[in-house]
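The values are calculated or read from the model by the stated rules, or taken from the named source; none is laboratory data. Please read all numbers here as calculations on a predicted model, not as lab measurements. Using ideal geometry, Cβ is built from the backbone for each residue, glycine included, and neighbour counts are taken over all protein chains shown. Just so you know, the surface numbers come from the protein's heavy atoms only, side chains and all, with ligands and any DNA or RNA stripped out. Shrake-Rupley method; radii C 1.70, N 1.55, O 1.52, S 1.80 Å.
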Amino acid sequence: LVESWSFLDTAESDFRPLVVIELAKGTKGETIEWFTKRIVDKKANGGAQLLIKPLVTENGVENIYLVGASHLRLLLGAETVGLVKECSDNSMRTFTYSSRKTFKHFADDNHSFLTMAECQYIIKHELENLRAKDEKMIPGYPQAKLYPGKSIVRRLLTSGILVQIFPLHDREELKKLSHSWYGRVKVGYQPLDDIRCYFGETIALYFGFLEYFTFALIPMAVIGIPYYVFAWEDYDKYVMFATFNLLWSTVILEVWKRICAILTYRWGTLLMKRQFEEPRPGFHGVLGINPVTGREEPVYSSIKRQLRIYLVSLPFVCLCLYFSLYVMMIYFDLEQWALDYHKENESDFSSLMLYVPSIIYAVVIEIMNRIYRYAAEFLTSWENHRLESSYQNHLILKVLVFNFLNCFASLFYIAFVLFDMKLLRQSLATLLITSQILNQFAESLLPYWLQKRYNRRIKKRMCSKKTGVDLSLAEQVNMEKEMGTYLGTFDDYLELFLQFGYVSLFSCVYPLAAVFAVLNNITEIYSDALKMCRVYKRPFAEPTANIGVWQLAFETMSVISVVTNCILIGMSPEVDALFPDSKMDLVLTVALVEHLLLAIKFIMAFVIPDKPRDIQMKLAKLEFESLEALKQQVRAFQMQLHFLLIHH
């Protein structure tokens, strides 16, 4: 098979630019020559066996290179990364080049068998797996040390020689996707399969979750409207609403697991084997031997890391939490001032002033969240985690703890210390609506406006120059390389997580929260789609089988919401009147109801299967077939061994 990886398959006529590599200005010629040679070299010689061309602009050849691959090379790469495709019998199986004819829609001349996103993912995988052989340094840069097995691309990135690698947009496909996705206002589902084909599974799954969560909020919004319109305040109706909310939050998260399984099975990622994780690009240490792989790579003491976490990061996070609470107390002083001002003046202006402290506080919360995010990223990077998954988990934990306290501490204080339900309702509404408006502006509208201005400047500059080069490709690359980099779905999931908290934690106090959440999410779908297609560089596809740690975060929030809603109902005057003699009986009753609801919640989570029955059967069948195939291989090997022993 390796013999077929010849350059006869990679003729110039086959070249299709898929990925852009931008090197730093002034990069030495010997470095460029060595790097490009490693990219085009045969696999047997430690190369990636890809195609590479310099981008020719009006200024000649710049330090920008276009990378592509032949159809055969991409098919072999699909087998290497373990892509799962649909077979002719409608089952999903890991693609292998030897059994390529058994896969649906496969033909030797069908170059659309692999999606463009899959092709770019394969190229990224091959580039990242370009490893140093016997080189001790990057040619021309003695300070950029190498050792056998070190990823060349990662070393070039950390040394500042390689500026960025990004996948190119397909203008025609992007135009079609934009039209069907956000080009016209319509009531209907998003084209999730098209999004997945263009952007990959991670982004498609986020938009699938956003759409599902929006639909799941509609029952809460519909029930919440009469509660708000008719100002129902009696205890019986609020108990019904809170109970429905608690059951709803459990059911939607369990049903999402099933929908997620259906989507990822159809896309093939539910069956993909987890790849062995390489060290992060920012990970550093002294050279040692990895006990798992036996390869030489940087090693860093876990004791040092733990000391950094517990002696620096943890105190810093606690200090930030204290500062957040201090700001919260200033907000309450402002609230008291606004209330006193209203009592003295009793005018329309003084009525409006009642909302000003909450709006200011909401803006301050957003600013603090964003500043803290940068600090959390710096600290987590300084902790020097070896794996990307470990880095992400520590970062998410830091950010979630701070954001939860920063956004919800004031609401808990109003509810359980001040016992002011009117102020709680006002604060919840103001925080929710203000944060939604700020997020929409900061995440989509502002970047879109800035990007549009930059694109106009680039087009003017390009059109003013009369050259014979292919301006369309040069223009596209120059536009895209200056676009912002999409940093992943972290912020998008965080926004939904906080929104879920506003809706579920104090639902019985402000039933209209779900209505605002639905309205926000409808605009969020369109603004996020616009952001992905027009504002940011195209991200590399990342296969995933679920929403990861965010599923646990949402489930934890739903458990906390059970406790808060039970306590709020227990504090209501109607319930308090049922226990005139003994407050201890009230506390015990509320605790009992809360435990019963939690028990119902966990029973429902256990009873509702994570995967539909038909997918469970398909997975079991595939596992059985793979075990049978393994047994046959063992039997064949044993027979071969037996035959050799007889003849010797």
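Residue-by-condition table, conditions (1) of a type in the set (A, V, I, L, M, F, W, C); (2) under 23 Å from Val401 (Cβ atoms); (3) assigned by the TED database to the domain that holds Asn403:
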position	(1), (2), (3)
Pro543	no, no, yes
Ala553	yes, yes, yes
Ser561	no, yes, yes
Ile569	yes, no, yes
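Yes/no per residue for (1) open to solvent by 50 Å² or more (accessible area, probe 1.4 Å); (2) on the phi > 0 side of the Ramachandran plot; (3) in a helix (DSSP H, G or I); (4) modelled with pLDDT of 90 or more:
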site	(1), (2), (3), (4)
Leu253	no, no, yes, yes
Arg266	yes, no, yes, yes
Gly288	no, no, no, no
Tyr310	yes, no, yes, yes
Cys320	no, no, yes, yes
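Please pick out the residue among Ile303, Ile365, Ile396, Ile360 that is under 28 Å from Asn439 (Cα atoms) and open to solvent by 80 Å² or more (accessible area, probe 1.4 Å). Give the steps one after another, and end with the answer.
On the way: Ile303 fails: under 28 Å from Asn439 (Cα atoms); Ile365 fails: open to solvent by 80 Å² or more (accessible area, probe 1.4 Å); Ile396 fails: open to solvent by 80 Å² or more (accessible area, probe 1.4 Å).
Unique residue meeting the criteria: Ile360.
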Next on the checklist: Go through region 160-172 and report how many residues are surrounded by fewer than 15 Cβ atoms within 10 Å (Cβ to Cβ), touching a residue at least 40 places away in the same chain (Cβ under 8 Å) and over 30 Å from Ile138 (Cβ atoms).
Outcome noted: 1
Item to check | Matching entry among Tyr326, Tyr372 (being modelled with pLDDT of 90 or more, among the aromatic types (Phe, Trp, Tyr) and in contact with a Phe, Trp or Tyr (Cβ under 6 Å, 6 or more places away or on another chain)) | outcome: Tyr372
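State all residues of region 1-26 that are open to solvent by 20 Å² or more (accessible area, probe 1.4 Å) and modelled with pLDDT of 80 or more; if no residue qualifies, say none. Give the derivation first.
Going through region 1-26, the residues open to solvent by 20 Å² or more (accessible area, probe 1.4 Å) turn out to be 1-9, 11-17, 22, 24-26.
Across region 1-26, the qualifying residues are Phe15, Arg16, Pro17, Glu22, Ala24, Lys25, Gly26.
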Checklist entry - Regarding Val67, is this residue in a strand (DSSP E or B), modelled with pLDDT under 90 and either surrounded by 20 or more Cβ atoms within 10 Å (Cβ to Cβ) or in the same structural domain as Ala107 (by the TED database) (or both)? => result no
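I'm checking my understanding of the structure. Among residues of region 535-554 that are assigned to a helix (DSSP H, G or I) and among the hydrophobic types (A, V, I, L, M, F, W, C), which one is surrounded by the fewest Cβ atoms within 10 Å (Cβ to Cβ)?
Residues of region 535-554 assigned to a helix (DSSP H, G or I): 535, 549-554.
After this cut, where a residue has to be among the hydrophobic types (A, V, I, L, M, F, W, C) as well, the list is 535, 549-550, 552-554.
Values: Val535: 22, Val549: 15, Trp550: 20, Leu552: 11, Ala553: 21, Phe554: 22.
Residue satisfying both the conditions and the ranking: Leu552.
Residue under question is Leu379, and the condition is that it be in the same structural domain as Asn406 (by the TED database), in contact with a Ser or Thr (Cβ under 6 Å, 6 or more places away or on another chain) and buried (at least 18 other Cβ atoms within 10 Å of the Cβ); does it hold? Don't jump to the end; show me each part of the working.
Values: in the same structural domain as Asn406 (by the TED database): no; in contact with a Ser or Thr (Cβ under 6 Å, 6 or more places away or on another chain): yes; buried (at least 18 other Cβ atoms within 10 Å of the Cβ): yes.
So Leu379 does not fit the description; no.
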Item to check | Condition broken by Arg184, with the remaining ones in (1) open to solvent by less than 50 Å² (accessible area, probe 1.4 Å); (2) at pLDDT below 85; (3) assigned to a loop (DSSP other than H, G, I, E, B) satisfied | outcome: (1)
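Residues are listed down the side, and each one gets a yes or a no for (1) at pLDDT 85 or above; (2) more than 24 Å from Gln551 (Cβ to Cβ):
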position: Val575; (1), (2): no, yes
position: Val587; (1), (2): yes, yes
position: Leu592; (1), (2): yes, yes
position: Leu598; (1), (2): yes, no
position: Phe606; (1), (2): yes, no
position: Asp610; (1), (2): yes, no
position: Gln632; (1), (2): no, yes
Checklist outcome for this item: Residue count, region 345-389, condition over 15 Å from Ser313 (Cα atoms), without any contact (Cβ under 8 Å) to a residue 60 or more places away in the chain, assigned to a helix (DSSP H, G or I) and not charged (D, E, K, R), comes to 14
Checklist entry - Do we find a residue being at pLDDT below 85 and of a type in the set (Asp, Glu) anywhere in region 545-567? => result no
Checklist entry - Has region 471-480 got any residue that is of a type outside the set (Gly, Ala, Ser), open to solvent by less than 20 Å² (accessible area, probe 1.4 Å), under 20 Å from the mean Cα position of the chain (by Cα) and modelled with pLDDT of 85 or more? => result no
Checklist entry - Scanning region 102-148 for residues that are open to solvent by less than 50 Å² (accessible area, probe 1.4 Å) and in contact with an Asp or Glu (Cβ under 6 Å, 6 or more places away or on another chain), which turns out nearest to Glu201 (Cα to Cα)? => result Met116
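Results for (1) within 29 Å of Lys398 (Cβ to Cβ); (2) open to solvent by 10 Å² or more (accessible area, probe 1.4 Å); (3) touching a strand residue (DSSP E or B) at 6+ places or on another chain (Cβ under 7 Å); (4) at pLDDT below 85, shown as yes or no for each residue.
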residue: Ile433; (1), (2), (3), (4): yes, yes, no, no
residue: Asn439; (1), (2), (3), (4): yes, yes, no, yes
residue: Thr489; (1), (2), (3), (4): yes, yes, no, no
residue: Asp492; (1), (2), (3), (4): yes, no, no, no
residue: Leu505; (1), (2), (3), (4): yes, no, no, no
Next on the checklist: Considering only region 585-597, I want to know if a residue exists there that is over 23 Å from Met240 (Cα atoms), among the charged types (D, E, K, R), without any contact (Cβ under 8 Å) to a residue 60 or more places away in the chain and open to solvent by 70 Å² or more (accessible area, probe 1.4 Å).
Outcome noted: no
